[in-house]
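**Student:** Here it is, the structure in full.
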Amino acid sequence: NVAEYPNLPPNIDPYMVVVDAATYQVNYTAATNRIDSVPYNAFYLPDSTNVVFAFIVSDDSTDYQQLQVNQLKLSFDPDDFSSAVTYTAQYTYIPPPDEAHFFAITVNTADLPHNQVVYMRYFVNDGDNTDNSQFPTDNLPLPYKTFWAFYIE
């Protein structure tokens, strides 16, 4: 018998970067920019600013450009994304010497509610698995969900 390649679901790196779209240099997710300076609490974002959310995704058998679902969903409930605002990410490649593959979404914070925690969840699908992979998932403890959350002042 010939062994079959398992073709696992895509993996979402549990880290995302948020930068100012004008400079691409400010990382808003630093621990000093989190509610009460707690490293896993929601981070602050300024009002009326374009920010880029960048997500690192990998798959064991599908090229980055062939992934079929790459979406960021925003919700006000850490466990309910059924009526979330959805953004579609664009594949981005940075050539060597820095070489990086990631998916980016630009969001203007003026379009989102203020003085409220907004929870994020990233979804991806390789076209071979029926269910989308997501991070964070419902079964993770709240600190994972608040780490992937922000608050617009």
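Yes/no matrix, rows are residues, columns are (1) open to solvent by 20 Å² or more (accessible area, probe 1.4 Å); (2) free of Cβ contacts under 8 Å to residues at least 40 places away in the same chain; (3) not polar (S, T, N, Q); (4) not in a strand (DSSP E or B):
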position: His101; (1), (2), (3), (4): yes, no, yes, no
position: Ile105; (1), (2), (3), (4): no, no, yes, no
position: Ala110; (1), (2), (3), (4): yes, no, yes, yes
position: His114; (1), (2), (3), (4): yes, no, yes, yes
position: Val118; (1), (2), (3), (4): no, no, yes, no
position: Arg121; (1), (2), (3), (4): no, no, yes, no
position: Val124; (1), (2), (3), (4): no, no, yes, no
position: Gly127; (1), (2), (3), (4): yes, no, yes, yes
position: Asp131; (1), (2), (3), (4): yes, no, yes, yes
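For (1) modelled with pLDDT of 95 or more; (2) crowded, with 17+ Cβ neighbours inside 10 Å; (3) farther than 21 Å from Thr109 by Cβ, each residue gets a yes or a no:
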{"residue": "Arg34", "(1), (2), (3)": "no, yes, no"}
{"residue": "Phe43", "(1), (2), (3)": "no, yes, no"}
{"residue": "Thr49", "(1), (2), (3)": "no, no, no"}
{"residue": "Asp60", "(1), (2), (3)": "no, no, yes"}
{"residue": "Asp63", "(1), (2), (3)": "no, no, yes"}
{"residue": "Leu72", "(1), (2), (3)": "yes, yes, no"}
{"residue": "Asp77", "(1), (2), (3)": "yes, no, no"}
{"residue": "Ser83", "(1), (2), (3)": "no, no, no"}
{"residue": "Thr88", "(1), (2), (3)": "yes, no, no"}
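**Student:** Would you call Phe147 among the aromatic types (Phe, Trp, Tyr), touching a strand residue (DSSP E or B) at 6+ places or on another chain (Cβ under 6 Å) and within 25 Å of Ala21 (Cβ to Cβ)? Talk me through it step by step, then tell me what you get.
**Tutor:** On the way: among the aromatic types (Phe, Trp, Tyr): yes; touching a strand residue (DSSP E or B) at 6+ places or on another chain (Cβ under 6 Å): no; within 25 Å of Ala21 (Cβ to Cβ): yes.
Criteria not met by Phe147.
**Student:** Test Thr29 against the criterion of being surrounded by 12 or more Cβ atoms within 10 Å (Cβ to Cβ), farther than 30 Å from Thr130 by Cβ and at pLDDT 90 or above, and give yes or no.
**Tutor:** Values: surrounded by 12 or more Cβ atoms within 10 Å (Cβ to Cβ): yes; farther than 30 Å from Thr130 by Cβ: yes; at pLDDT 90 or above: no.
Answer is no for this residue.
The values are calculated or read from the model by the stated rules, or taken from the named source; none is laboratory data. Keep in mind it's a predicted model, so treat the numbers as computed, not measured. Cβ: placed from backbone, ideal geometry, glycine included. Neighbour counts: every protein chain shown. Protein only, heavy atoms only, side chains kept; ligands, DNA and RNA dropped before computing areas. Shrake-Rupley method; radii C 1.70, N 1.55, O 1.52, S 1.80 Å.
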